[in-house]
1. Only one of GLN169, GLN156, GLN134 is closer than 22 Å to LEU56 by Cα, of a type in the set (S, T, N, Q) and either modelled with pLDDT under 95 or part of a helix (DSSP H, G or I) (or both). Can you tell me which?
2. Out of the residues in region 117-131 that are within 19 Å of PRO170 (Cβ to Cβ) and either in a loop (DSSP other than H, G, I, E, B) or touching a residue at least 40 places away in the same chain (Cβ under 8 Å) (or both), which is least open to solvent (accessible area, probe 1.4 Å)?
3. Can ILE114 be described as touching a Ser or Thr at 6+ places or on another chain (Cβ under 9 Å), buried (at least 21 other Cβ atoms within 10 Å of the Cβ) and either at pLDDT 95 or above or not small (Gly, Ala, Ser) (or both)?
4. Select from region 142-153 the residues that are in a helix (DSSP H, G or I) and farther than 23 Å from SER180 by Cβ and list them in ascending order.
5. In region 242-258, how many are assigned to a loop (DSSP other than H, G, I, E, B), open to solvent by less than 50 Å² (accessible area, probe 1.4 Å) and touching a Gly at 6+ places or on another chain (Cβ under 9 Å)?
6. Could you count how many residues in region 187-209 are open to solvent by 10 Å² or more (accessible area, probe 1.4 Å) and either touching a strand residue (DSSP E or B) at 6+ places or on another chain (Cβ under 9 Å) or hydroxyl-bearing (Ser, Thr, Tyr) (or both)?
7. If we keep just the residues of region 55-71 that are open to solvent by 20 Å² or more (accessible area, probe 1.4 Å) and free of Cβ contacts under 8 Å to residues at least 60 places away in the same chain, which is nearest to the chain's Cα centre (by Cα)?
8. Within region 78-93, does at least one residue satisfy the condition of being buried (at least 21 other Cβ atoms within 10 Å of the Cβ) and either assigned to a loop (DSSP other than H, G, I, E, B) or acidic (Asp, Glu) (or both)?
Amino acid sequence: MTQPIQPSSMVEVVDLEKFFGSLQAIKQASFTVDIAEVVCVIGRSGSGKSTLLRCLNFLEQPHHGSIQIDGVWVMARPDGRVDLAQIHALRLKTGMVFQHLNLFAHRTVLENVIEAPIIVKKMTIAEATDLGLQLLEKVGLTDKKDQYPSRLSGGQQQRVAIARALAMQPKVMLFDEPTSSLDPELIAEVLGVMRQLVEEGMTMIIVTHEMDFARNFADRVIFMDQGHLVEAGSPTQIFDQPQDARTRQFLYALDHQN
């Protein structure tokens, strides 16, 4: 029997473009992410970082280009017509943690985690509950399973959001500014969970404005400017030996902020 061809990369993006009216937010973006690689995307506010992330699972619908995640390809079309079955298959490969979390306020912590596996993956309540409890143990929140999000700290809410994304058993985790809304003392608990995912071999793409985080956490850093993927390389290369003038200007401005 012929074996299926395995993708050479966990994520592959080819010539991706996204418009909001006449504004081109993403301009011919192409990149790959290897299995178990951690990629941080940095750049000024408005450079297209979050839009790029949302395009990867078609929360924002790109107008041109193609995306592959774990062997599932989806082609974007200018007329907006898409293959909904392929998008569904692509989304099953990804988990996303949003900057503003989007937890269901009227559901408990455990209910937040198990809802998608029940609805989307058709797990039984018992199966989803077993999985949910395992994930809450992973993020250190088993004792909060019956609490509502409003009773949790920001760091605890972010860890619930991570557990909820992991409940879909994704191959790739997408994080949009995972520590931006947290007080400094709460950041460590979220980073601890993310480091555990790295150690377990999870592929991750992280949009962040925290340069120390990107320097210490990423295998590779991508710098974006005005919708362009300007430069990519190791943290040492990007932060200590940037090749493009736009990258140098961005980092210089950060270093000289009051």
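The values are calculated or read from the model by the stated rules, or taken from the named source; none is laboratory data. Since this is a predicted model, take the numbers as computed values, not measurements. Glycine gets a Cβ as well: all are built from the backbone with ideal geometry, and neighbour counts include every protein chain shown. Accessible surface areas use protein heavy atoms only, side chains included; no ligands, DNA or RNA. Shrake-Rupley method; radii C 1.70, N 1.55, O 1.52, S 1.80 Å.
1. Answer to the selection: GLN169.
2. For region 117-131, the residue satisfying everything is PRO117.
3. yes
4. Across region 142-153, the qualifying residues are THR142, ASP143.
5. 1
6. So the count comes out to 3.
7. LEU59
8. Scanning region 78-93, I find at least one residue that is buried (at least 21 other Cβ atoms within 10 Å of the Cβ) and either assigned to a loop (DSSP other than H, G, I, E, B) or acidic (Asp, Glu) (or both), so the answer is yes.
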